[in-house]
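S.K.: Here it is, the structure, as structure tokens.
The values are calculated or read from the model by the stated rules, or taken from the named source; none is laboratory data. A quick note: this is a predicted structure, and the numbers were derived from the prediction, not measured. Positions of Cβ are generated from backbone atoms using ideal geometry, with glycine treated the same way; all protein chains shown enter the neighbour counts. Ligands, DNA and RNA are excluded from the accessible area calculation, which covers all protein heavy atoms including side chains. Shrake-Rupley method; radii C 1.70, N 1.55, O 1.52, S 1.80 Å.
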Amino acid sequence: MTSLTCPTCHLENTNNDWVVFPYPKESFKTSQRILFCNRCHLGIADPMPTDEELDELYQKSSFWGNVVPRITEKNNPVEFALGRARWRLIEASMAGCQKDSITVLDIGAGRGCLGLAAHRISKKTIKYSAVEPDPLQHIAMKEAWQSEGALEALQVYLELEEVSDRYDVVALSHVLEHVKSPVDFLQKACTFLQKDGVLFIDIPNQDHLFKKSLFPHLLFFSKESLVFLLDKINLNVLTIDGWGRNREKSPMNGHIQTYLHFLHWIICIVKRFVPGKLQMWGFNWLLGLDHRDPNGTWIRTVCKQK
Ligand SMILES: [Zn+2]
């Protein structure tokens, strides 16, 4: 068996003495285990799926499915509530920014709710560019921004190679755990930052500890391993914290059964009868979307180039 090399710090597992965690069998046909680097403590899926397998997953609209409902608070209460929580953190980190208008590049935008949430809650004008490989999401995003009367503030791209501008904010929400080379990826993301721009990252907080399905995550970060990576990219951390309900108690914890699981199940059943704003409030409380906790479900950071 060839020894694994850490994609962040390049340490090799030559003595096969790294901590091993089983990769859930049901969630990915390729990866059998997660190895934790002895130096930077990054968790690495082993073996990694091939690029062909990953391309097939992300580029054929199979990740989001073929039916794309309209983007509304009622259809996407969690995404909107997450978008609000993320935007508040980003904007708080830009307190000194004097600009009337903020440009945002959201890489791996999904449904683009970060941009819509920012557009709704910010006092500044938001110009939002979404990089999202699923063209069906582009159609849904255009409809949503059109209905806000702000279609001219939206740009959509299928891939990062199409982007040439620089932005005040570059956002990576639940993206970094999907890439094979985090150093190269972050260095590239930083080339899209304005001189004083901020990079926002949101990733699962060691989700191998609480999820039954990890599909299709390749890297497993703790606050410690993320700080190591950010330092290597020469980024200045403005804020880094655990966010979301404590992993041990979250409804997203697949290993426990609590009343929160039951509530989650009830809300998912009755959600079609509940107004979007009320659903957002309910999911916000249930998942602790805007709640700081060192052992929370996610890690969020805002950083700047040194
Ligand atoms: Zn390492």
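S.K.: Which of the residues belonging to the stretch 156-201 are more than 30 Å from residue 45 (Cα to Cα) and surrounded by fewer than 17 Cβ atoms within 10 Å (Cβ to Cβ)?
M.R.: So the first thing to find is which residues in the stretch 156-201 are more than 30 Å from residue 45 (Cα to Cα), and the list is 156, 164-168, 194-197.
Listed by number, the residues that qualify are 164, 165, 166, 194, 195, 196.
S.K.: Identify, please: which residue in the stretch 224-268 is among the aromatic types (Phe, Trp, Tyr) and closer than 30 Å to residue 181 by Cβ and is, among those, farthest from the ligand (Cβ to nearest atom)? If you could, list the steps in order and put the result at the bottom.
M.R.: So in the stretch 224-268, the residues among the aromatic types (Phe, Trp, Tyr) come out as 228, 243, 259, 262, 265.
Cutting the leftovers down to closer than 30 Å to residue 181 by Cβ gives us 228, 243.
Working: 228: 7, 243: 24 Å.
Among those that are among the aromatic types (Phe, Trp, Tyr) and closer than 30 Å to residue 181 by Cβ, it is 243.
S.K.: Quick check on residue 197: is it more than 16 Å from the ligand (Cβ to nearest atom) and either in a loop (DSSP other than H, G, I, E, B) or within 16 Å of the chain's Cα centre (by Cα) (or both)?
M.R.: Numbers: more than 16 Å from the ligand (Cβ to nearest atom): yes; either in a loop (DSSP other than H, G, I, E, B) or within 16 Å of the chain's Cα centre (by Cα) (or both): no.
Against the criterion (more than 16 Å from the ligand (Cβ to nearest atom) and either in a loop (DSSP other than H, G, I, E, B) or within 16 Å of the chain's Cα centre (by Cα) (or both)), residue 197 does not qualify.
S.K.: Which count do you get for residues in the stretch 123-143 that are open to solvent by less than 10 Å² (accessible area, probe 1.4 Å), over 10 Å from residue 68 (Cα atoms) and either part of a helix (DSSP H, G or I) or without any contact (Cβ under 8 Å) to a residue 24 or more places away in the chain (or both)?
M.R.: 1
S.K.: Can you tell me which residues in the stretch 45-60 are closer than 26 Å to residue 134 by Cα and assigned to a strand (DSSP E or B)?
M.R.: Pass one, the stretch 45-60, residues closer than 26 Å to residue 134 by Cα: 45, 48-60.
45, the sole residue that qualifies.
S.K.: Could I ask something else about it? Across the stretch 202-211, what is the total count of residues that are within 20 Å of residue 35 (Cβ to Cβ) and buried (at least 21 other Cβ atoms within 10 Å of the Cβ)?
M.R.: 5
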